[in-house]
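First up is the structure itself, then whatever we jot down about it.
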Amino acid sequence: MPKYKMRVNGDDVELDVEANMPLLWALRDVLGLVGTKFGCGIAQCGACTVHLGDAPVRSCMVRMEDAAGQSVRTIEGLAEGIDDAAQPARAGVDHGFRDAELGAATRAHPVEGPKRHQ
C-alpha cells in the first residue's frame, strides 16, 4: 500500500492506506477522528464535511491519493482551543452528535405533553 503524507488538524501524519480509500474512512478508521460522520455516502447531506486546504469538501467522495500532501481540518480541529463556556457544545462533538441528527430526531419524535386523566 502507498503511504500518504498530509497535515491533519495541524499535525503531520503519514497514512499507509489504499489510494482509493475515501478520506472519511482514513480520518475515522485510521486516525480515530470520529467527529466527521458518514451520512449518505453520495456527498449530499454534509455530515462528512471537512476543510481540505481552505475549501469545505465532502470527505466521503475525496480519495486519499487526491488529498495527499494537503492540509485537512476536521470538526475536532475546529473545536481545539475553545473556552470553558463552549464545553457543552464540545461534549456534543466528542460524543458524535450533529445538529442535523438532533434536529431530525426532534422532528421525527415530537415530545408530547402530559396525558390527561379523565
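Looking at Cys60, Cys45, which one is on the phi < 0 side of the Ramachandran plot, touching a strand residue (DSSP E or B) at 6+ places or on another chain (Cβ under 6 Å) and assigned to a loop (DSSP other than H, G, I, E, B)?
So the residue among Cys60, Cys45 that is on the phi < 0 side of the Ramachandran plot, touching a strand residue (DSSP E or B) at 6+ places or on another chain (Cβ under 6 Å) and assigned to a loop (DSSP other than H, G, I, E, B) is Cys60.
Against the condition farther than 16 Å from Asn9 by Cα, modelled with pLDDT under 95 and exposed (fewer than 10 other Cβ atoms within 10 Å of the Cβ), how does Asp99 come out, does it pass?
Numbers: farther than 16 Å from Asn9 by Cα: yes; modelled with pLDDT under 95: yes; exposed (fewer than 10 other Cβ atoms within 10 Å of the Cβ): yes.
Answer is yes for this residue.
The values are calculated or read from the model by the stated rules, or taken from the named source; none is laboratory data. Since we're looking at a predicted model, the values are computed, not measured. Note that we place each Cβ from the backbone using ideal geometry, even for glycine, and neighbour counts take in every protein chain shown.
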